[in-house]
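The values are calculated or read from the model by the stated rules, or taken from the named source; none is laboratory data. Quantities reported herein were computed from a predicted structural model and do not represent experimental measurements. Every residue, glycine as well, gets a Cβ built from its backbone with ideal geometry; the counts of neighbours run over all protein chains shown. Side chains included, ligands, DNA and RNA excluded: accessible areas come from the protein's heavy atoms. Shrake-Rupley method; radii C 1.70, N 1.55, O 1.52, S 1.80 Å.
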Amino acid sequence: MAPPRRQLTAQVLLPVTGESLATLTESQLWTLHELGTGMASAEVVRSKVQTEQTEGPYLDTSLPPALQTNLLQIKNRLGREALRSCHLCERHCGIDRLAGEVAYCGIAAQSYVGSEFIHMGEEEELVPSYAVFFAGCTFHCVYCQAHRVAFNPQAGLAPTVPEWVALIGERQRQGARNVNFVGGTPEPHIATILEVAAALPDEVNIPLIMNANMSMTPMAMQLLDGVIDLYLADFRHGNDDCARRLMAIDGYTAFITRNLLHAAAHAELLIRVLVLPNHLDCCLRPILEWIAVHMPQVRLHVMFQYRPSFKSWEVPDLARQLDADEKAIAMRWCRELELNNLVIPGDTTRLRSTEINV
Ligand code: SF4
């Protein structure tokens, strides 16, 4: 089995000491991040560094490897810095969460976990999965099935980093194949995820999953590159009007498609499409057509388990379950569009032949 991405990222060394790391500006940290991720040549980065440094050089190319800082530590620092003016998700609140400010998601610097347990209800190729249900969310879906956690951002426990490390190690020993960060949604908790990823010892070698609504900004996606092994991505609405009315988010189709393409380029990807009653032509069809054009081989879970919950009883189009015709149409469209890498519960032959390499 390939090592989790975070362990490879921790092998990328940068010529700066851990001590000096604490004194660097966010801009300097991003310069180091560019160098570590190979986005710019070392020469270009050094010249940027020369123009940025105000109190002497901070890159020391003579530094022995044992004293150098790794890219995972840089990402960890950047995740914390990002909280000073939060643009981790497409809400772009710009608040200082380190100073205790809260905005749409209701989360300051501390992450709360509504519940955590070994989950056997995820896709068969992923279980047993250690699910961590973070409190708070960046959307406000009228049909939210996890509203008690999603809209109660201080729900549950707030583990320290050593407690996180112990918990994940224990769940791995109990059989968990991965750590599945979910919620709510995990985007507001990216600083916590990076801090935990940087603290996990080598023997805790299971992959990290981002089970998300995919509202990350490009900056947040860059921080997750080389840390997240698999995105379990919800793709809910195929047009911005339905997304605005039912999830209270603007610009949905632009950022979800951008982030799915980014996720597919940097990690494994499984897309979940929850089929909603009365939303086949307006939502399901454009979603499937986009996938057929841009990533026809992606692992795809077309989900039929929608049940009205939370506020969906007040929304006439969502106040019932799917009917048999809607399920049949969804499957017919998948066949017509040649979307063949489908998660089909109970079809173990298909699952074995298409198992995600996590
Ligand atoms: S994570 Fe929360 S505070 Fe940050 S931009 Fe999104 S909604 Fe706003």
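Table for the structure above
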read-out: For peptides 4-10, 242-248, sequence by mean Cβ density within 10 Å, most packed first; value: 4-10, 242-248
read-out: Cβ-defined net charge surrounding Y104, 13 Å radius [Lys, Arg +1; Asp, Glu -1]; value: -2
read-out: Net length gained if the chain between N239 and R332 were fully extended (0.36 nm per residue, minus Cα distance); value: 31.4 nm
read-out: Rounded to the nearest 10 Å², the accessible area of W164 at probe 1.4 Å; value: 10 Å²
read-out: Rounded to 5, percent antiparallel among DSSP beta bridges of the chain; value: 35 percent
read-out: Cα centroid separation, the stretch 251-269 to the stretch 128-195 (Å); value: 21 Å
read-out: For the chain, the longest site-free run once GluC sites (Glu not before Pro) in DSSP loop states with at most 11 other Cβ atoms within 10 Å are removed; value: 56-202
read-out: Accessible-area composition of the chain, carbon plus sulfur, in percent [1.4 Å probe]; value: 53 percent
read-out: Cα-based helix-to-principal-axis angle, 252-266 vs the chain, degrees rounded to 10; value: 60 degrees
read-out: For the chain, calculated [θ]222 nm from helices alone, where every DSSP H run of n ≥ 4 adds -39500 (n - 2.57); value: -10500 deg cm²/dmol
read-out: Summed residue charge, Cβ within 10 Å of I271's Cβ, Lys/Arg positive, Asp/Glu negative; value: +1
read-out: Largest-first ordering by accessible area, 1.4 Å probe, given options H237, H301, H87; value: H87, H301, H237
read-out: Neighbour net charge for F181 - beta-carbon separation under 12 angstrom, K R +1, D E -1; value: -3
read-out: Cα centroid of the stretch 97-118 to Cα centroid of the stretch 218-234, whole Å; value: 19 Å
read-out: Surface per residue (accessible, 1.4 Å probe) for the stretch 260-305, Å²; value: 36 Å²
read-out: Cα-based helix-to-principal-axis angle, 161-173 vs the chain, degrees rounded to 10; value: 50 degrees
